[in-house]
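Only the coordinates and a few stated rules stand behind these numbers; no lab work does. The structure displayed is predicted, hence computed values, not measured ones. Here the Cβ positions follow ideal geometry from the backbone for every residue, glycine too, while neighbour counts run over all protein chains shown.
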Amino acid sequence: MAAAEKKDDKNNVVAKLLGNNLTWSVVALIALIIICTIVDHQFLNLSWNDNTGGLAGPLITMLQESARYLMIATGMTLVISTAGIDLSVGSVMAVAGATAMQLLTNGTNVWVAILVALAIGLVIGSVNGVLVSILGLQPFITTLIMMLAGRGIAKVITSGENTDASQVAGGEPLRWMANGFILGIPANFVIALVIVIAVGLVSRKTAMGMMIESVGINQEASRMTGINPRKILFLVYAISGVLAAIAGLFATASVMRVDVVKTGQDLEMYAILAVVIGGTSLLGGKFSLAGSALGAVIIAMIRKTIITLGVDSAATPAFFAAVVIIICVMQAPKVHNLSAELKRKRALKDSQKAVAA
Amino acid sequence: ACGGSSSSDGGSSDSGQKTVGFVAVGPEGGFRTANENDIKQAFKDAGFNLVYSPTQNNDQQKQIQAFNKFVNDEVDAIILSSTEDSGWDDSLKKAAEAEIPVFTVDRNVEVKDAEAKKAIVSHIGPSNEWAGEQAAERIAKDFPNGANGFILEGPAGLSVVKDRGTGWENKVASNIKVLESQSANWSTDEAKTVTAGLLDKYKAKNPQFIFAQNDEMGIGAAQAVDAAGLKGKVKIVTIDGTEAALKAVVAGDLDFVIEYNPIFGKETAQAVKDKLDGKTPEADIQIESKTFDAAAAKTALDSGERKY
Amino acid sequence: MTDKQPIVVMKGITIEFPGVKALDGVNLRLFPGEVHALMGENGAGKSTMIKALTGVYKIDAGSITVDGKPTQLNGTLDAQNAGIATVYQEVNLCTNLSIGENVMLGHEKRGPFGIDWKKTHAEARKHLAKMGLDHLNPRAPLSSISIAMQQLVAIARAMVIDAKVLILDEPTSSLDANEVQDLFAIMRKVRDSGVAILFVSHFLDQIYEITDRLTILRNGQFIKEVMTKETPRDELIGMMIGKSAAELSQIGAKKARREIKPGEKPVVTIKQLGRKGQIEPTNQDVYAGEVVGFAGLLGSGRTELGRLMFGADKPDHGEYMLNGKKVNIDSPYVALKNGIAYSTENRRDEGIVADLTVRQNMLIALQAIRGMFNPIPKKEADEIVDKYMKELNVRPPDPNKLIKNLSGGNQQKVLIARWLAIQPKLLILDEPTRGIDIGAKAEIQQKVLELAAEGMGVVFISSELEEVVRLSDTITVLKDHKKIADIVNDDTVSQATIVETIANSGKEA
Amino acid sequence: MSSAAVTPKAEKAKGGKFDAQMIPTIAAVVIFILMLIMGQVLFGTYFRLGFISSLFIDHAYLIILAVAMTLPILTGGIDLSVGAIVAITAVVGMKMLNGGTPAPLVLVVMLLIGAAFGLLAGVLIEEFNMQPFIATLSTMFLARGIASIISTDSLTMPANNGYAWIGGEGWKIIDNPKIANDLSINLGVIIAIVVVVFGYILLHHTRTGRTIYAIGGSRSSAELMGLPVKRTQYVIYLTSATLAALASIVYTANIGSAKNTVGVGWELDAVASVVIGGTIITGGFGYVLGSVLGALVRSILEPLTTDFGVPAEAVQIVVGVMILIFVVLQRAVTAFKKE
Ligand SMILES: Nc1ncnc2c1ncn2[C@@H]1O[C@H](COP(=O)(O)OP(=O)(O)OP(=O)(O)O)[C@@H](O)[C@H]1O
Ligand SMILES: Nc1ncnc2c1ncn2[C@@H]1O[C@H](COP(=O)(O)OP(=O)(O)OP(=O)(O)O)[C@@H](O)[C@H]1O
Ligand SMILES: [Mg+2]
Ligand SMILES: [Mg+2]
């Protein structure tokens, strides 16, 4: 590798770069784009689409889809940083979507519908929070339960139907949220990005981020410094709930109809993958929202790639797995320390010869 | 809820009310919900005590568990709306031994074991293959001199997907070219993303039709087509015939909807009644389904007698 | 004894961590039947050297020969198979398992049907007994005993494999005099059976009592290998800290006692404060500028009393007065809000937040009482950090290093800085000098006196009677989780006084 | 000296904490029995031998999966791939049977495939330090994907395949005129029981087993103690995956057909079982027997919801809430006992 020849200080820089997950995520993203472009030369083309009033093209639809991943990945990042996990985000998406669509069809004002949907997300998140922080239940099982129950709640809300609000007048703001454009860029992507940045600022400009990490690293020690771990835990699950609700609105509003079974299905897994690809450890502690955001885009990009390559629908899971594995392996220290390791071994050999002599 | 099965001697309770076990798939919206609600209603009207047992994410195992439970509860009859068309031999054998008549609805199940076969009285439901064939014929009619297009499939492996696919294969015209088949998991918004992707990818090949294996996906595809400004240029054919889909046909978003008629609760209840009254219902009760172009859809909607 | 061959020879060992060269060409020879001490300040590289020998860290240069053959140790398993048994500085046992299981892990006695638990526990009991731990029940969970006890259990574990080399990294730091003597007795037995022992301790008395040979390190450099009896203290200290012993501000003299004026109000008064099973209802006053020492044996309840005064455990009895008015201290947050700080004896589990930087670790408590959404202005933060990095001279002097990568001693300094940052009225220090090198120890003791002089009330908990007696104005003696005496620490009082008090109270009872 | 101070503590500790670890498991037993009784009282069918028989026969696979899942969870890890491994081994197995491969060979191949995925997970976790959750999530997608690449048909066994007998209706121990009162058992159940015994011995009577608990307590400590952590990790994921393959054998043999879609969500059922059984998801504490009970509890949730006539939409909510109540109860009892 290049790193090997360079002089020490340089070497360090390179090593740092190689050691940094973000680098590899970017590499992966670019690689995927290149692959797609090779297969489909139009892939990078952007055209202006008059009847949507925005840019059009593969990358745009990709960004449009990534919005929902951005939301859940952000919430998931905070939760995972506290050494927890939130398996319920997918179901929360369904519940929020169901609420919004049902209310719309019942003729509720769209803004009210949106607010109620978010509120419900908040409530479910808070329930998770209470169970984990006050009752001290294990996050995995708590949110697993909520994942089961959430689907049920969604079904109860729509009484088992896939409520369709596409014909309902007055849904425009919601529709725009998911399908509209701001300066030619997908509105939902812009909104998502703004929210991610907002969360980032709040957590880094205040002490929230550090306290979340601190609780994730060592809860007892945190308590002894006067932090209230319960508050923190409650907070992250609540946030995750709201963000998941937003993701749910994106997902349903894009077609103005909720699918009680499919909306948000398996997305908790995608969110977790995004977070890990972004370099936050499932063991808790240090988190990187930027990384998770990148991870979210990569997930969307992988799915885009699957379509572009026309991977046989039967093979998609395998393809998905393969890509994830490759990315994670690239990120493994073992791999990008290879050169350094070899150097060490060589040095050791020499010094031992020296000793022997 | 189910007083019937509570008396320890099982189904045929003192009240004389017959208990029927319904091994169901569970509310998944669209066709499924309409179908199961209709069956529940019909049996209630017919004075049965219907015990309903749904599964989760199409898990056959949970259905088998439910089925065996009904056998042990000694219900008077079992209605089986299976997620899979095989793997029922053992359970059916148990039913046969317990002399509980079984009625398969929607999906037929194939049985190897002779003993097991005895348990099944009749099958009630529309035909998936037929629906697929209708789709192929419609496309052929729309594009007499050929066209390119896509197929949106359900999750790989479900037998509905295969049957509707087979139907299509049976009747598809030689000059109709399927550029690509992708799974959109029955889901509207996945269908939208997938279709958007396919439209980008095959712009050059000027795709003209989309065969969506269910309404949900068709509606999603329609929105992608609309967004791409191809509304009307790409004709979309879907299967199921939910209200939303019919509206879409009227609105011109969809070209053609083939009904997969979920409303056969009455027929099922009747069959069960006959059997329990000692008559022998037909082995295969075909539920015929309609097809809707814009006009037909409009009249159907206006008539207001559609249950879903 | 130099005639016999060394069993372990480490030559030119170099280990680099991102940022620091922890070891730079260090040599070490271990001889059978000898106790060999690795000497050096906090951060000198002692533990790192040990981890190099036991294959925890890969060495970047140098060679290790065991029994004359060059060996590549990849992992502790190799080391064990090579006959090297180790007790690491931080207790490394599994708190979810029983005491006996911890002792025998990996060496369980096996019968026809796999592990034979009867035999295994019997074996465990035997090894515990060797450490004078016969009272411990091997089936009890490890989590039920103190870190001190756990340390002894860890040593018992090391005895299970009959090793050629026994390594003890600061085993005595959390033991009291009696246990140290027990331990030394065992070490002598083991040594005489021809085992080479590597021993680390910051207590010079212990070094001179038990060791035969010394290797001195100074920030990662090999200084010298000498025979213990040929090396006077000052010379040794000189080699360790790089300046002559005289410069070291050892405060040998007893602190001038702070007289309590009649009618003066204490900062903190607890009345009958207690908690079932941990500490019986206790009265205690702490005046501004007073140092109150807690003395007692292991498990006497010093830590409990300290934790109770900090609200780390909720009291189930009694009341709490701050400057005369009643307060309800039921959580660390409330305590800190009221200017009460507690520095734990359990640095790793309740002290440091391992993956945060030194800087963050220093500021976190202050931040917590300021509130999450009221961040400390950068300027103020920088000032605080510089101030304490200097005052306590934390090494390496880089506040952006992860605290987990600091040596034990320096971690302790950072924690003290954390508590000073909130400028507490009452500072409770539980074993603050545990595992701290002589230099740093003197600095910390000095700091305690300064703080008292500035009018801070200090509770000083330590297993070292010597420093308790030297620093305290009044000494609270505890026994069996109960306060047995308040001793006004005037010139008549000495370590002996305390020991007697403890002994006698037993008789009366 | 210190002994005086210590002894009471040590003793108290013994009385207190140790049972505390057992309580959740004991709670599982009690609640399971209570559920059965409730079912019997209200619906009168839960004590029927037939019900008991099919409870075991239909859930032999889940019991095996629960045991498999217990190992990684005890170390604080997890194996999400078990469901998918059931699918791929089932599909391959059926394909081979239909291709006329002799049953014994088929069984071996199925187990080997399972082991292969376990090995892959092990490599990803140990060599490329991926976290178990992610590693097994990947192998889950991989297995599921390969399964559907191989075939998306529902494959039925050929007649007289010398395989079905594993799960066939087995032997009727008590044969009543009414099938509902027959007590029957099949090889699948016996295999499940053997697996449970195997799990118990592995965890409580082998050093590997103790290492598993040690890793769950603190991996770094386990490493410093010179325990073969790496090797043990491999053993764990190899075992869980291979057991998943075994579960697949039992299940397919029982229903006589297979499909790439079988086993969706089973990993979560297994996790639920393990947790209900009192194993802490963060590792260190738990018992294989608890997991078995967990599996049984998990299994009678659906029958109960059915008999209570829970409205279709609400079933999942109710199941969720039941598990929740369960976990909370355990938590409460444990906390109470700790006092
Ligand atoms: N894992 C690590 N990463 C980076 N630096 C480290 C790591 N471990 C130790 N160091 C650094 O190496 C140096 C030596 O540390 P070590 O723990 O060996 O000191 P020590 O002599 O044992 O001190 P003490 O007496 O306090 O235990 C210290 O400066 C420490 O900061
Ligand atoms: N001998 C012992 N047996 C069991 N647990 C003990 C023992 N000694 C201490 N502990 C526990 O360890 C912690 C600190 O010990 P404790 O406060 O009882 O004694 P101490 O006087 O602080 O002695 P030290 O702090 O030196 O261990 C407390 O949580 C206490 O419950
Ligand atoms: Mg050290
Ligand atoms: Mg203490």
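Remark on B:GLY125: its backbone amide H falls under 5 Å from those of B:ASP106, B:ILE285, B:ILE287, a criterion applied only to residues 5 or more positions apart or on other chains, H modelled at 1.01 Å from N.
Bridging of B:LYS266 to lysines at a Cα separation below 22 Å is possible for B:LYS18, B:LYS40, B:LYS44, B:LYS275, B:LYS279, B:LYS290, B:LYS307, once same-chain residues fewer than 8 apart are set aside. Under a Gaussian network description of chain B, with springs only between Cα atoms under 10 Å, the residue in B:LEU179, B:LEU80, B:LEU152 that fluctuates furthest is B:LEU179.
Listed cross-link partners A:LYS262/D:LYS230; C:LYS130/C:LYS243; B:LYS162/B:LYS203; A:LYS349/C:LYS46; A:LYS155/A:LYS286 are compared with a 30 Å cut-off, the Cα-Cα value being larger for A:LYS262/D:LYS230; C:LYS130/C:LYS243; A:LYS155/A:LYS286.
Screening chain D for whole DSSP H helices of 20 Å or more along their axis (Cα) with average Kyte-Doolittle hydropathy at least 0.0 returns D:2-43, D:49-74, D:82-98, D:103-127, D:132-150, D:187-205, D:229-255, D:288-307, D:315-338. What is the angle, in °, between the Cα long axis of helix A:58-81 and the longest principal axis of the Cα atoms in chain A? Nearest 10 is fine, range 0 to 90. With both axes taken from Cα atoms, the answer is about 70 degrees. Fraction of C-alpha pairs exceeding 30 angstrom in the range C:268-508: 24 percent, rounded to a whole number.
Size check on the range C:345-455: the Cα extents along the three principal axes, sorted descending, read 39, 34, 24 Å.
If r is the Cβ-Cβ distance from B:LYS279 to B:LYS112 and R0 is 25 Å, what FRET efficiency results, to the nearest 0.05?
Calculated value: 0.35.
Give me the base-10 log of I(q)/I(0) for chain D at each q in 0.06, 0.08, 0.09 Å⁻¹, Debye formula, one uniform scatterer per Cα, rounded to two decimals. Values, matching the q order: -0.23, -0.41, -0.52.
I need C:MET321, C:MET39 ordered by Cβ neighbour count within 10 Å, fewest first.
Ordered by Cβ neighbours within 10 Å, fewest first: C:MET321, C:MET39.
When the C-alpha to C-alpha distance is required to be over 18 Å, the pairs from B:LYS205/B:LYS235; B:LYS118/D:LYS259; A:LYS343/C:LYS58; A:LYS343/C:LYS51; A:LYS304/B:LYS231 that qualify are B:LYS118/D:LYS259; A:LYS343/C:LYS51; A:LYS304/B:LYS231. Computing FRET efficiency as 1/(1 + (r/R0)^6) for C:GLU319 and C:PHE17, where r is the C-beta to C-beta distance and R0 is 56 Å, gives about 0.65.
Taking R0 as 51 Å, what FRET efficiency do you get between A:LYS205 and D:ALA332 from their Cβ-Cβ distance, rounded to the nearest 0.05? For R0 = 51 Å, the calculated efficiency reads 0.80. Rounded to the nearest whole Hz, the Karplus-based 3J(HN,Hα) values (6.51 cos²θ - 1.76 cosθ + 1.60, θ = phi - 60°) of the range A:317-327 follow the sequence x, 4, 4, 3, 4, 4, 4, 4, 4, 4, 4, with x at glycine and proline.
Normalised size of chain C, defined as Cα radius of gyration per 2.2 N^0.38 Å with N residues, equals 1.00. Note on chain B: Cα Rg divided by 2.2 N^0.38 Å, N the number of residues, gives 1.08. Against the main long axis of the alpha-carbon atoms of chain A, helix A:229-253 sits at an angle near 60°. Shape descriptor for the range C:438-509: Rg over Rh equals 1.01 (Cα atoms; Rh from the Kirkwood inverse mean 1/r). Of all lysines in the structure, those lying under 16 Å Cα to Cα from C:LYS118, and not within fewer than 8 positions of it along the same chain, are C:LYS109, C:LYS126. Enclosing the Cα atoms of the range A:62-310 in their convex hull gives a volume equal to 118 cubic angstrom per residue.
Bridging of C:LYS261 to aspartates and glutamates at a Cα separation below 15 Å is possible for C:ASP285, C:GLU290, C:ASP473, once same-chain residues fewer than 8 apart are set aside. Computed over the range C:94-161, relative contact order equals 44 percent, with contacts defined as Cα pairs under 8 Å that lie 6+ residues apart.
Relative to the 2.2 N^0.38 Å rule of thumb, the range B:126-243 has a C-alpha radius of gyration ratio of 0.95. The Rg/Rh ratio for the protein assembly as shown is 1.01, where Rg is the radius of gyration of the alpha carbons and Rh is the Kirkwood radius.
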